[in-house]
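Report on one structure; see the data block that follows.
The values are calculated or read from the model by the stated rules, or taken from the named source; none is laboratory data. On a predicted model such as this, the values are computed, not experimentally measured, just so you know. Note: ideal-geometry Cβ built from the backbone for every residue, glycine included; neighbour counts use all protein chains shown. Surface areas here come from the heavy atoms of the whole protein model, side chains and all, with no ligands, DNA or RNA. Shrake-Rupley method; radii C 1.70, N 1.55, O 1.52, S 1.80 Å.
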Amino acid sequence: MELGESAKSFNLETVVCNHGFFMMAPNYWIPTTKTLMRVLRLSDSITCVIVSISHPSNRNFLQVEVHGMDQLSSLDKDAILSQVGRMLRISAQDERDMEEFHKVNPQAKNKCFGRLFRSPTLFEDVIKSILLCNCPWIRSLQMAQALCDLQLKLSSKGSVRKESKRKRASFDDKKHCPNSIAFDRNTQIPSGNFPSPKELSSVNEKTLNQHCNLGYRASHILRLAQKIENGTIKLRAFEEGYDLLSTDKLYYKLLKIKGFGPFACANIMMCIGFYQKIPVDTETIKHLKEVHGMKLLTKRETNVQIYDKMERVDYYEKRFGKLSELPPSNYGNVTGSYIETHDSERRIKE
């Protein structure tokens, strides 16, 4: 996949590992090879395949491999590259946004920071934004994994295609495409995909909670999936129908959707590419209190002008090491609460 003008400011490790979404299933980052692996959909929006993405050193292209395939049709190739491009924000508009951002933040330019990692679809971004609300980070990770496990069961009745050897697609024709894929984080084999609106619409709230334990979120997620399926809500319009001059209009339209609070709406807007609203949660408040010494801070009182996503990544990495090098077993610890508890226990021992 050619990077084009994006090559000068692109670093795969930085692009992927700058946002908690990279830790959420079905994303799987492999530190040793600096490779992102996950399941994506072919052009029929049903068939799922394992895809790995890496960036050869000093090259102006990404190596995108589709495993378990002999060949891909041109439509399937375009579908895969479109999803990869969205996740990594590879487009002319994204490059223009990067250039503007780097003008006001030279430090970010030096670190190739600025492309906020997101999902291959806005629907996945939206649901993951809901999963982040009102619960510990480790719980969000568990719910995302449970949804992917559910997708595996829904797709082809949970059948798993097993292969002793992986094949690389040559991007010509489609052959032998599995509809569902098994996952094991220990053996680095991707799992079921994140469920689509159609797949979620096929289950009821009781079944969804039995499999994923989403709590109150289940009814909101199901309602959203159903409205997308019947055309009441058109997610594409959220991505294509607004610009910088109409972000407030977009924000308040999102707020009208059942289950979307200020944090979820701001996070969704950030995934779309609008950064005027900062997703303020308890982690943000903890960070501002710890780093900036702001006391008695509430979500409404947060001074978002000093909030810097890169600063927060740096803060975590000072405590945990590079996020891109953490094993998945440690992802749930990357929170201000864990740091606070750990520091308190250390002070007591001292």
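Figures for the structure shown
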item	result
Share of carbon and sulfur in the accessible heavy-atom surface of segment 78-119 [1.4 Å probe, %]	53 percent
Extended-chain gain in nm, criterion 0.36 nm per residue less alpha-carbon gap, L116 and E229	37.9 nm
Estimated distance in nm for a label pair at S91 and I46, the labels positioned 7 Å out from Cα along Cα-to-Cβ	2.8 nm
Probe 1.4 Å, accessible area per residue of segment 1-84, Å²	36 Å²
Descending Cα extents along the principal axes, segment 87-139, whole Å	37, 22, 13
Gained length - E205 relative to F61, 0.36 nm times residue gap less alpha-carbon distance	47.5 nm
Of the trypsin sites (Lys or Arg not before Pro) in segment 184-259, those whose Cβ has at most 12 other Cβ within 10 Å and which sit in DSSP loop	K234, K256, K258
Of the trypsin sites (Lys or Arg not before Pro) in segment 6-111, those whose Cβ has at most 12 other Cβ within 10 Å and which sit in DSSP loop	R59
Relative contact order of segment 68-163, defined on C-alpha pairs under 8 angstrom at six or more residues apart (%)	24 percent
Residue-by-residue Karplus 3J(HN,Hα) for segment 113-119, coefficients 6.51, -1.76, 1.60, Hz, glycine and proline x	9, x, 8, 7, 4, 9, 8
Per residue value of the accessible surface for segment 196-275 (all protein chains in place, 1.4 Å probe), Å²	53 Å²
